[in-house]
1. Show the residues, 5+ positions off or on another chain, whose built amide H is closer than 5 Å to the amide H of residue 330.
2. Compute the FRET efficiency between residue 448 and residue 485 as 1/(1 + (r/R0)^6), taking r as their Cβ-Cβ distance and R0 = 30 Å, and round to the nearest 0.05.
3. Just for the chain, what percent of DSSP beta bridges are antiparallel, to the closest 5?
4. Under the rule of -39500 (n - 2.57) per DSSP H run of 4 or more residues, summed and divided by the residues of the chain, what mean residue ellipticity at 222 nm is obtained, to the nearest 500 deg cm²/dmol?
5. Mind checking the dipole of the range 284-444: about its Cα centre, +1 per Lys or Arg Cβ, -1 per Asp or Glu Cβ, Debye to the nearest 20?
6. Hey, can you list the DSSP H helices of the chain whose Cα span along the axis is 18 Å or longer and whose average Kyte-Doolittle score is at least 0.5?
7. Mind checking the dipole of the chain: about its Cα centre, +1 per Lys or Arg Cβ, -1 per Asp or Glu Cβ, Debye to the nearest 20?
8. In whole Å, how far is the Cα centre of the range 318-340 from that of the range 345-359?
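The values are calculated or read from the model by the stated rules, or taken from the named source; none is laboratory data. The structure displayed is predicted, hence computed values, not measured ones. Here the Cβ is made from the backbone with ideal geometry for all residues, glycine too, and neighbour counts use every protein chain on show. Protein only, heavy atoms only, side chains kept; ligands, DNA and RNA dropped before computing areas. Shrake-Rupley method; radii C 1.70, N 1.55, O 1.52, S 1.80 Å.
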Amino acid sequence: MHTWLHFMILLALLYGTNAYKYLVVSPIPGKSHAILGSAMVTHLANAGHEVTYVTVILPEKPIPRVTVVDLSDNLKYFPADGAMNLKAIMDNTHEGNSLLAFVPMTINMSRNTLEHPNLQKLIRDKNQKFDAVITEWLFHEVFTGFAAVFDCPLIWFSTVQPHWMVVRLVDEIPNPAYTVDILSDNVPPLTFKQRVEELCFQTMGRLLQTFWVSGLEENIYNEFFVPAIRDRHNTVPSFETLRYNVSLILSNSHVSMGGPARLPANIIPIGGYHISSTVKPLPEDLQKLMDNAKHGVIYFSMGSNLRSKQFPEKVKAELLQMFGKFKQTVIWKFEENLPNRPNNVHIVQWAPQQSILEHKNCILFITHGGLLSITESIHFGVPTIGIPVFADQFVNVARAVKNGYAQKVDLSYSMAADIEKAIKEFLHNPKYTTRVKELSQIYHDRPIPPEKELVHWVDHVVRTQGAPHLRSPAFMVPWYQKLYLDFILVLLVIVLVLKYVLKFIKSLILAKRKEKIN
Ligand SMILES: *[C@@H]1O[C@H](CO)[C@@H](O)[C@H](O)[C@H]1NC(C)=O
């Protein structure tokens, strides 16, 4: 009886009093985004909360206390062969890595998300209530509308390292002299040319946001959110107000992977939260293969979005031949089986990446430089060769190179020869491994694990009614006050007044003197 009572009290404490309802909106059709999304809802649910999860890629199995809003039929809008074609990028026929390409893509995604009947049902359901909404940021802020519909605090989730476009939502834009754009591959300290590049690039970005993206966002807000807000509330806030009414930003980053950025109090780095503390054991065949690799294992994967089979035939053949020259065992994550494979090269269609990287014989990771792969390489302390392809991969790889544990190889027709050179350099220079172990130590040396931090800060927002105490004061000061233009104006007025007063006194004195002389 006694134990039962204790148990019930414990349950009530765990799930009863502090249980909240969260809405997590992560409708990006990329595998890595889905990994981050489902890890987030799992941590929140494990802490006893009820979570509603809007996604196009469903979790592998149902998660207790998580209700999925299934948008999986929206996958039809995306090419089955991956959004990025490797060969097109190598042949320079791809649209390129710029806001001009990303914004229309992500704005369309948000439209497809919001017009989906399952999502419409959610926002039109007047009985539906949430304590906070967490939504993924990807080049636009349309999803702030959810906070207005459910009248609850808004938390952004940024899947990349902090950059001006998200910082601006909660604080002033950081100085481009030492903070780079997310699509750039400059790493501070910047040279004169790079500083000018960052200034131009970020100013252009700001102009595009103001004169182009804002209009697109506002259209979608008016079309999909405003009717739902009107249904529930008397007033409809303007989109501009909502955009900056942010309680918190969860940032999938850590200082060990990027650099020390100056962050406002409400940007919380939680990089690494998707890696479980106990990694699953390897399948038997891979375990045996890796255990027996006397000279170590090189693991090669271009991530989950890119299809290695889109490599041109010639490059594939050269890569195989090149890997064949080494004594190391090569595990290549590849979607098709390749003919004429050397004995040391093993193709896996699906790779348990974390388990492979955790194995003590894994000595090198050849990667596209996606942030999850970069995080995992630091988590498990494996040096890398980075072949960036799109989005933040360039800046991730550039930082990894600057941090001293990676080499960069360009995606090109000569990449087999370039990778060979990089592997050789790596095999006879231990500095990359030494450095990655140092960074791994920095990464792990935190007061609490990132998944605990995630849950804590999300709960904190609810417990403190939107955490207004975390808002940066800089954010509420108009630009002319930041530049002290008002003060300069006051000084000018004082100087002018003084000048006239002096002139007046002088003329009085002169008049007096004249009187005396006469
Ligand atoms: C801004 O957010 C706070 C905290 O969630 C909320 O109380 C307030 O109503 C919001 N303001 C607007 C205009 O939506």
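1. Residues meeting the amide H criterion: 298, 345, 346.
2. 0.10
3. Roughly 0 percent of the DSSP beta bridges within the chain come out antiparallel.
4. After summing the helix terms and dividing by the residues of the chain, the value is -13000 deg cm²/dmol.
5. Charge dipole, the range 284-444, about its Cα centre: 380 debye, nearest 20.
6. Membrane-span-like by this criterion, though nothing is claimed about a membrane: 99-115, 485-517.
7. The dipole magnitude comes to about 1820 debye.
8. Cα centres, the range 318-340 to the range 345-359: 13 Å.
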